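To start, the structure under review is shown below, and the notes come after it.
The values are calculated or read from the model by the stated rules, or taken from the named source; none is laboratory data. What you see is a predicted model; the values in this text were computed from it and never measured. Because the Cβ atoms are built from the backbone with ideal geometry, glycine has one as well, and the counts that use them run over all protein chains shown.
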């Protein structure tokens, strides 16, 4: 099962996800720690809504309400896209290809892997072909254990109905804060996700993608080819 499927399961049902044993990553103590973190975040967000009672803080209140609306749209987008995780990754790879295209004089995919792309190495390619390679790679990552473990770890936390409301609000809070961090870290990519109504889902892939974005920004990865070379074996 790929990462996007876990998101669909999460929002289709309030029942326990049968993935603890399947994935082997969420022991009892680890799960309890995650639940506590969700509840704390829920209480934090509820406390922030007190700003709605103070006229001078109505801008904070407006931002919270806007985030709730964006969360709703992002949840709908889980079902609007066939593989929402792959599409989010693709949007980032697309931006990297676009930004580096002018500097790639030979316009080549230098070390593509036929297992992922079905292409022969070092074929001169158009931008359209490079984007096709980016989509194939994004799909491959989405279907890998690497992404699935990250998504499952952030989803496999359930609590009794008494405190479920706080847990759900806590998830909203974590998604909102992750989106804010992305807006500061990579404004262009944030804008692309926002246009696709996906920015509130960034939280579920943040541990993977934030590190990648930072490496691109410091020049560790020069282009999409470098990203591909580093990640293809993982």
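At-a-glance table
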read-out: The one condition in (1) surrounded by fewer than 20 Cβ atoms within 10 Å (Cβ to Cβ); (2) at pLDDT 95 or above that residue 193 fails to fulfil; value: (1)
read-out: Selected residue [touching a helix residue (DSSP H, G or I) at 6+ places or on another chain (Cβ under 9 Å), in a helix (DSSP H, G or I) and at pLDDT below 55] from 30, 70; value: 30
read-out: Region 144-158, residues that are under 19 Å from residue 87 (Cβ atoms), surrounded by fewer than 21 Cβ atoms within 10 Å (Cβ to Cβ) and at pLDDT 80 or above; value: 144, 146, 150
read-out: Selection status of residue 180, in a loop (DSSP other than H, G, I, E, B) and either in contact with a helix residue (DSSP H, G or I) (Cβ under 9 Å, 6 or more places away or on another chain) or free of Cβ contacts under 8 Å to residues at least 60 places away in the same chain (or both); value: no
read-out: Number of positions in region 214-234 that are in a helix (DSSP H, G or I) and surrounded by fewer than 17 Cβ atoms within 10 Å (Cβ to Cβ); value: 6
read-out: Pairs with Cβ under 6 Å, 6+ apart, first in region 130-143 and closer than 19 Å to residue 204 by Cβ, second modelled with pLDDT under 90 and surrounded by 23 or more Cβ atoms within 10 Å (Cβ to Cβ); value: 141/147; 142/3
